[in-house]
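A quick write-up on the structure given underneath.
The values are calculated or read from the model by the stated rules, or taken from the named source; none is laboratory data. From a predicted model like this one, the values you see are computed outputs, not experimental measurements. Here the Cβ positions follow ideal geometry from the backbone for every residue, glycine too, while neighbour counts run over all protein chains shown.
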Amino acid sequence: MSPHVDPDGGWAVCLDPKYSLTHKMQQKHCRVYSFGLGPNTRNVEQYLATSGCKVHIFDPSLKELHQQRSEMWLHRLSVDWRDPHPAVIAQRQNTKKLATILNDFGHRQVDVLKADMESAEWKILENLILEGVLDFVGQLLLEIHLHWAGFEVAGDDPSVVRFWFSLLKELEHANFRLFHVHSDRALPQIFLHKNILNASSAYTLAWVNTRWTGG
């Protein structure tokens, strides 16, 4: 595959012509969702925005509900593995499941979904699998964290690893093919609270949906 990798070497999108992204970029008919918590580079988003994609950045720390900055739309919202309870105060309404966000925005599909959720990614990925939302995603760019089990993931170490592995296998079953892996060697070499040589506490992974047409 022919990926476009950002200058930091972490994030990448697949530009293989056998998939639809390059064609949709030329037709200016592609959609990108980017979710992030904490400091996060937006090199890939900027590249896609200037290449013909409509890019939506979701950042719950924004002061305004919606704003347009350069070629990108910014929203005071983030993705979660559950919707907030209706009784929760308004400030908590800025996190929703991806299926709910798609419905609220009137979007049927996302060509590129990028997420760095600081250890919430495992439960979010589980939700995407259980609700069949991956069928509406063309490429999934995800930073995974391995230094601890993650939010609301319980059990001993073998149980946690089996849970992680089962989610990654479900991606394969959903016709997602891994095309890019990046580990940040500057991060602590920790795996489930243990120091492990030549490991990293976080990896950036990128998959392409091999059956994606994005019509």
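Look at M72 and say whether it is in contact with a Gly (Cβ under 9 Å, 6 or more places away or on another chain) and closer than 30 Å to D184 by Cβ. Against the criterion (in contact with a Gly (Cβ under 9 Å, 6 or more places away or on another chain) and closer than 30 Å to D184 by Cβ), M72 does not qualify.
Within the set A199, A186, the sole residue that is without any contact (Cβ under 8 Å) to a residue 40 or more places away in the chain, among the aliphatic types (A, V, I, L, M) and assigned to a loop (DSSP other than H, G, I, E, B) turns out to be A186.
Residues of the range 113-134 that are charged (D, E, K, R), in contact with a strand residue (DSSP E or B) (Cβ under 8 Å, 6 or more places away or on another chain) and either at pLDDT 95 or above or crowded, with 23+ Cβ neighbours inside 10 Å (or both): K114, D116, E121. Going through the range 160-215 one residue at a time, which ones are within 30 Å of S20 (Cβ to Cβ) and of a type in the set (A, V, I, L, M)? Across the range 160-215, the qualifying residues are L167, L168, L171, A174, L178, V181, A202, L205, A206, V208. When we screen E45, E118 for residues that are within 15 Å of the chain's Cα centre (by Cα), among the acidic types (D, E) and part of a loop (DSSP other than H, G, I, E, B), the only hit is E118.
Given the criteria among the small types (G, A, S), out of contact with any strand residue (DSSP E or B) (no Cβ under 8 Å at 6 or more places or on another chain) and within 21 Å of H147 (Cβ to Cβ), does A199 qualify? Considered against the rule, which asks whether it is among the small types (G, A, S), out of contact with any strand residue (DSSP E or B) (no Cβ under 8 Å at 6 or more places or on another chain) and within 21 Å of H147 (Cβ to Cβ), A199 comes out as no.
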